[in-house]
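The values are calculated or read from the model by the stated rules, or taken from the named source; none is laboratory data. Please read all numbers here as calculations on a predicted model, not as lab measurements. Reconstructed Cβ throughout: ideal geometry from the backbone, glycine too, with neighbour counts over all protein chains shown.
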Amino acid sequence: MHADAVRTGEEARQAAATQLAGARMGFGSLTFSAVSQLLLAFWTIVVIFPFAWMLVTALKADPEILSSPWTLPAALQWDNFSRAWTEAHIGRFFVNTAIVIAGSLMGTLLVSSMAAYALARFNFPGRQVLFYGFIAGLMFPVFLALVPLYFLVNDLNLLATYQGLILVYIAYSLPFTIFFQIMLPLAKPGLIAMGIFNFLGQWNQFLLPLVLMPSEDKYLLSQGLYFLAVQQGYQNDYGALFAAMVITMVPTLIVYILFQRRLESGLTAGALKG
Amino acid sequence: MNYQKYRLIIPFLLPAILLYGVFVVWPYAQAIYISLTSWRGVSGNKPFVGLDNYQRLWEDERFHQALTRNGQLLIVLPLVTITIALTFAALFTQGSQQIRGAGFYRIVFFFPQIIPAVIVGILWSYIYTPNIGLLNGILRAIGPGDVSTSWLTDPKTVLGAIAAVAIWSSVGFYMVIFLASMQSIPTSFYEAAILDGATRWTSFKDITFPLIWETIRTSVIYLAIAALDFFILIVVVSGGSTTMGARRAEVAALYLYNQAFESSHWGYASAIGVVLLILTLFLSLGIMRATRRETYEF
């Protein structure tokens, strides 16, 4: 609420200022704005068109998909979605993902808030070391830890379990979340913003489930979608694959539409300070 | 007092330290040790071989090729992404009036950034597919006929095609960052410049660019790290880590993944990871040093 008010004020100020500048600059401004609109419209098409194509393809029958990328569906194949949900197991993957994300999201917020509170509120020996120790995790590429992590999770009997993946998600979300909660109290990330970031990050995670969830009935969405795409080569159910992609995109899309402003301001604040 | 304090601090910190220590710090530490062994994963016994893996890497032609591809990404990703993002951000801020539909463009441009990489990858793999793909469909529709190629298997195009996907999905993010940075510049600077007869280009070059330099620098480092970590998109777009396309676009992290999870050369794979980590650290430091210039406080 408050963040929006601030932003609108800032935009109004910016608009007024650019107008002032424009009034003085005068010359060539018509060409400038025409060229701008052209470039921006071009990129809009470049961004939207693939998604639109995906949506249309998800409603086409396989022979139509295979004949040309341009044809529109003769009849809308809603059946693609139900096949994706049941036969391609996207429904099960969806539930698996929801279980893991629910646990890891709550865990991440709880564990990192407690740690951030203790680190920010109190002075104690080793505080600096701990803080930089957490932050260092931001620098390290995940794939370096992948091999030992796989064996560690295996040794703990947590391979292909929800709990195992939840714990790993929490652990790997800590550097980012603690960093934001301590460094940017003014950016109003708050629990909600941290929740949004972690939701998107964990929902989109691919590498960790790929390695730590090796049994098919526990697959998460992104991983299941990947195997579905790889198998498509011989199963030839393209319609269901595109429908599965649309289904997987929906939660991200909803979160983005609901929280777009907050997401943008939080991310840019992080990048500007970082 | 002190006792009271620690009774709060310890339980608050303990879960984070435990999880982080067990699942993050310990695996990284182990990776460094494993890189000094010839472990094949079959037994718990890890034969210590010293720096043998590193020496083999030094002579490994395939690793050199992979690093060369990382080097190409290292130039292309920051250069192209930042140029496009900066251009769009400038269009929004350097114009004489507020661009119509600015809010809409921001929402649209930013959108691919938040879409799961797997979806982006699969979607583009079908855009690039020779026969039913969108790109060749467009080329056939507007082009002189047979310009369409199989983008993802031709060694000349495969890495570029996949890098284009990365650029496509991240331009909006960097544009939004540059916009925020540009909008924090006091407008009085521009007013003064206009009075002195500055044109749109000179005011961008002499005011905007130096004042957002810090943001550009941060972005270069982000993108450089992304170029070294590059790998998920290659696997997904080319339909598997061992496909022909993936082999022809193989970068260091993908080589690591294949050595580990396809060939069970855990020791060798870990050595690749350690080299990548060291390269990342040096590269970040190097870029920070090379791009240091006077910063302007305002």
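For the subset of the range B:49-68 comprising residues that are among the hydrophobic types (A, V, I, L, M, F, W, C) and surrounded by 12 or more Cβ atoms within 10 Å (Cβ to Cβ), which member is nearest to B:LEU159 (Cα to Cα)? Before the answer, list the steps.
Applying the first criterion (among the hydrophobic types (A, V, I, L, M, F, W, C)) to the range B:49-68 yields B:49, B:51, B:57-58, B:63, B:66-67.
Add one more test, that the residue is surrounded by 12 or more Cβ atoms within 10 Å (Cβ to Cβ), and what stays is B:49, B:51, B:57, B:63, B:66-67.
Working: B:VAL49: 35, B:LEU51: 31, B:LEU57: 22, B:PHE63: 16, B:ALA66: 11, B:LEU67: 13 Å.
Once the filter is applied, the top-ranked residue is B:ALA66.
Looking only at the range B:98-110, decide whether some residue is under 26 Å from the mean Cα position of the chain (by Cα), farther than 24 Å from A:ARG262 by Cα and modelled with pLDDT of 85 or more.
no
Among what's in the range B:128-166 and is surrounded by fewer than 22 Cβ atoms within 10 Å (Cβ to Cβ) and β-branched (Val, Ile, Thr), pick the residue that is modelled with the highest pLDDT.
Filtering the range B:128-166 for residues that are surrounded by fewer than 22 Cβ atoms within 10 Å (Cβ to Cβ) and β-branched (Val, Ile, Thr), the one modelled with the highest pLDDT comes out as B:THR157.
Give just the number: which of (1) facing chain B (nearest Cβ under 10 Å); (2) of a type in the set (A, V, I, L, M, F, W, C); (3) touching a Pro at 6+ places or on another chain (Cβ under 6 Å) does A:VAL147 not satisfy?
A:VAL147 satisfies all of (1) facing chain B (nearest Cβ under 10 Å); (2) of a type in the set (A, V, I, L, M, F, W, C); (3) touching a Pro at 6+ places or on another chain (Cβ under 6 Å) except (3).
Please work out if B:ALA66 is within 30 Å of B:ALA164 (Cβ to Cβ) and touching an Asp or Glu at 6+ places or on another chain (Cβ under 7 Å). Steps first, please.
Values: within 30 Å of B:ALA164 (Cβ to Cβ): yes; touching an Asp or Glu at 6+ places or on another chain (Cβ under 7 Å): yes.
When the stated conditions are applied, B:ALA66 passes them.
For residues that are out of contact with any Ser or Thr (no Cβ under 9 Å at 6 or more places or on another chain) and under 15 Å from B:VAL236 (Cβ atoms), tally how many sit in the range B:148-163.
Within the range B:148-163, residues that are out of contact with any Ser or Thr (no Cβ under 9 Å at 6 or more places or on another chain) and under 15 Å from B:VAL236 (Cβ atoms) number 3.
If I go through the range A:131-144 residue by residue, how many of them are more than 7 Å from every other protein chain (Cβ to nearest Cβ) and in a helix (DSSP H, G or I)?
6
Could you list, in sequence order, all residues of the range A:63-113 that are touching a helix residue (DSSP H, G or I) at 6+ places or on another chain (Cβ under 6 Å), assigned to a helix (DSSP H, G or I) and either without any contact (Cβ under 8 Å) to a residue 12 or more places away in the chain or surrounded by fewer than 13 Cβ atoms within 10 Å (Cβ to Cβ) (or both)?
Across the range A:63-113, the qualifying residue is only A:GLY91.
Take A:GLY239 and tell me if it is over 30 Å from A:ASN154 (Cβ atoms), crowded, with 23+ Cβ neighbours inside 10 Å and modelled with pLDDT under 85.
Values: over 30 Å from A:ASN154 (Cβ atoms): yes; crowded, with 23+ Cβ neighbours inside 10 Å: yes; modelled with pLDDT under 85: no.
When the stated conditions are applied, A:GLY239 does not pass them.
Could you say whether any residue in the range A:70-88 is within 11 Å of another protein chain (Cβ to nearest Cβ) and modelled with pLDDT under 90?
yes
Just to be sure, is B:THR202 at pLDDT 85 or above, more than 10 Å from chain A (Cβ to nearest Cβ), buried (at least 20 other Cβ atoms within 10 Å of the Cβ) and closer than 15 Å to B:THR87 by Cα?
Details: at pLDDT 85 or above: yes; more than 10 Å from chain A (Cβ to nearest Cβ): yes; buried (at least 20 other Cβ atoms within 10 Å of the Cβ): no; closer than 15 Å to B:THR87 by Cα: yes.
Criteria not met by B:THR202.
Since A:PRO50 meets every condition but one in (1) under 30 Å from A:THR248 (Cα atoms); (2) surrounded by fewer than 18 Cβ atoms within 10 Å (Cβ to Cβ); (3) at pLDDT 85 or above; (4) at the interface with chain B (Cβ under 7 Å from one of its Cβ atoms), which condition does it not meet?
With respect to (1) under 30 Å from A:THR248 (Cα atoms); (2) surrounded by fewer than 18 Cβ atoms within 10 Å (Cβ to Cβ); (3) at pLDDT 85 or above; (4) at the interface with chain B (Cβ under 7 Å from one of its Cβ atoms), A:PRO50 is out only on (2).
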